[in-house]
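The numbers here are math on the coordinates, done by the rules we state, and not lab data. What you see is a predicted model; the values in this text were computed from it and never measured. Glycine also receives a Cβ, built like all others from the backbone with ideal geometry; neighbour counts cover every protein chain displayed.
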Amino acid sequence: MSNTKQIEAVIAPPPAHMVGDGFRVHGFFPGGRIDKRRMSPFFMMDYGSKIEFSPSNQPRGVGVHPHAGFETVTIAYHGRIAHHDSAGNSGIIGEGDVQWMTAGAGLLHKEYHEENFSKTGGLFQMVQLWVNLPAKYKKTKPKYQEITNMAMGHHYLSDQQSFIEVIAGEYNGTKGPASTFTPMHVYNTRLKKGASAVLSFPANYNTGLLVTDGKATINGTEVNTDHFVLFKNEGEDISIDATEDTIILVLSGEPIDEPIASYGPFLMNTWQEVEQAIADVNAGKFGVLEE
Ligand code: MN
């Protein structure tokens, strides 16, 4: 390909840490060689690689906490996750599903393993992204999009078995159901061993791939399971050749070129806005949610 998007780095999973007692994650960014702007509009990616949870009568997870100024996007690969928020939304996502929560002006939520999954235990694998909002949408009303696997766009490749699962944005005319505030593409490519796919994104879009299953050769470089490929902002085309049955999360978006003030669960443009968000939480303006 003449217009290949160049690989900047292939990044091994950073040491895992626990979020609450339910999510064992590798914090790929921000941090390390990917600073808080490098993957904008994607600010954070926590990757929960495969883990077996033992049965538990008490669902594991994270209790009530606030968010403001961005969106949390949770992608379940294995296991089931329950969500409740102070805007009155709740939902359960299972294998292959996504929840896309717009915190916007601010809310409280809690995230747990779903009750029956907790009781039986089992394989768990997920990704949580924090997608930034531009200044003009930071105060947007909280919103919750539950995106079942069936509702996603499915673009089948020539082998009729491999496909691109489009969550947001578009792949060769197949659209994803998620509504977003800035232009971005979020896919899972699910390729059978031996299959190939070509993706294309504008050079200025920040772009990265996470191999969640299997192994693939990406623009000529072999990439193993649980590794992240960061691309330079040069060239457009990415070729993926699956050397095993493989699942790859694809992120590509137009950067939001604005200042970032990030503190804990708040992602604002200025420190004054962060202080205001903390004051609003303390004043009860983010609503009420039972533990
Ligand atoms: Mn949260």
Residue that is surrounded by the fewest Cβ atoms within 10 Å (Cβ to Cβ), among those in the range 1-53 that are in contact with a strand residue (DSSP E or B) (Cβ under 8 Å, 6 or more places away or on another chain) and hydroxyl-bearing (S, T, Y): T4
Unmet criterion (only one of (1) away from the ligand (no atom under 16 Å from the Cβ); (2) farther than 15 Å from Q128 by Cα; (3) not in a loop (DSSP other than H, G, I, E, B)) for R38: (3)
Filter result (more than 15 Å from Q6 (Cβ to Cβ), small (G, A, S) and touching a residue at least 24 places away in the same chain (Cβ under 8 Å)) within the range 169-222: G169, G176, A178, S179, G194, A195, S196, A197, G214, A216
Per-region count, the range 3-35, residues assigned to a loop (DSSP other than H, G, I, E, B), out of contact with any Phe, Trp or Tyr (no Cβ under 9 Å at 6 or more places or on another chain) and not small (G, A, S): 4
Filtered residues of the range 137-156 (kept if within 30 Å of V198 (Cβ to Cβ) and touching a Ser or Thr at 6+ places or on another chain (Cβ under 8 Å)): Q145, G153, H154, H155, Y156
Selected residue (criterion: farthest from A279 (Cα to Cα)) from residues of the range 41-68 that are within 15 Å of the ligand (Cβ to nearest atom) and charged (D, E, K, R): R60
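Conditions tested, residue by residue: (1) more than 14 Å from the ligand (Cβ to nearest atom); (2) more than 21 Å from V186 (Cα to Cα); (3) of a type in the set (D, E, K, R); (4) free of Cβ contacts under 8 Å to residues at least 12 places away in the same chain.
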position: F70; (1), (2), (3), (4): no, no, no, no
position: H78; (1), (2), (3), (4): yes, no, no, no
position: A82; (1), (2), (3), (4): no, yes, no, no
position: G94; (1), (2), (3), (4): yes, no, no, no
position: W100; (1), (2), (3), (4): no, no, no, no
position: E111; (1), (2), (3), (4): no, yes, yes, no
position: Q125; (1), (2), (3), (4): yes, no, no, no
position: K139; (1), (2), (3), (4): yes, yes, yes, no
